[in-house]
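The values are calculated or read from the model by the stated rules, or taken from the named source; none is laboratory data. Just so it is clear, the model here is predicted, and its values are computed rather than measured. In this analysis, Cβ positions are derived from the backbone assuming ideal geometry, glycine residues included, and neighbour counts consider all displayed protein chains. Accessible surface areas use protein heavy atoms only, side chains included; no ligands, DNA or RNA. Shrake-Rupley method; radii C 1.70, N 1.55, O 1.52, S 1.80 Å.
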Amino acid sequence: VQLQASGGGLVQPGGSLRLSCAASGSNFSTRTMGWYRQALGKQRDPVASITSGETTFYADSVKGRFAISRDNAKTREYTVYLQMNGLKPEDTAVYYCFIFTSGRFYWGQGTQVTVSS
């Protein structure tokens, strides 16, 4: 199982970024995909996720600002996106995408999101 993450970068407060994460290497008939984030010196916390049945979860700190979605194109069905709007300095962290399937977590490489003026 491999996860390829992209997006992230430096943005000013109030700005937007979009992260994407593509899973490959298996047939993930039942899965949850999403992101955790880890700020410097802090633990890794869940941010948002979406199940194969399209049930979504959001951390309280990002509700109303972040939106997770999945790609419905057949060739990209294991790709999810995290649209992040209204970014705040406290959103600064390394974001890790994940897939939970067949009882296991798999992680992508982290991508840095920095919100600063």
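Points worth noting:
- Residues of region 7-31 satisfying the condition of being under 18 Å from SER102 (Cα atoms) and either under 9 Å from the mean Cα position of the chain (by Cα) or open to solvent by less than 30 Å² (accessible area, probe 1.4 Å) (or both): ALA23, PHE28, ARG31
- Looking only at region 30-60, residues that are hydroxyl-bearing (Ser, Thr, Tyr), closer than 15 Å to TYR106 by Cα and part of a loop (DSSP other than H, G, I, E, B) come to 1 in all.
- When region 32-82 is filtered for residues that are open to solvent by less than 60 Å² (accessible area, probe 1.4 Å) and among the hydroxyl-bearing types (Ser, Thr, Tyr), the ones remaining, listed by number, are THR32, TYR36, SER49, THR51, SER52, TYR58, SER69, TYR78, THR79, TYR81.
- Across region 83-117, the qualifying residues are those that are out of contact with any strand residue (DSSP E or B) (no Cβ under 7 Å at 6 or more places or on another chain) and part of a strand (DSSP E or B), and the one among them that is surrounded by the fewest Cβ atoms within 10 Å (Cβ to Cβ) is ARG104.
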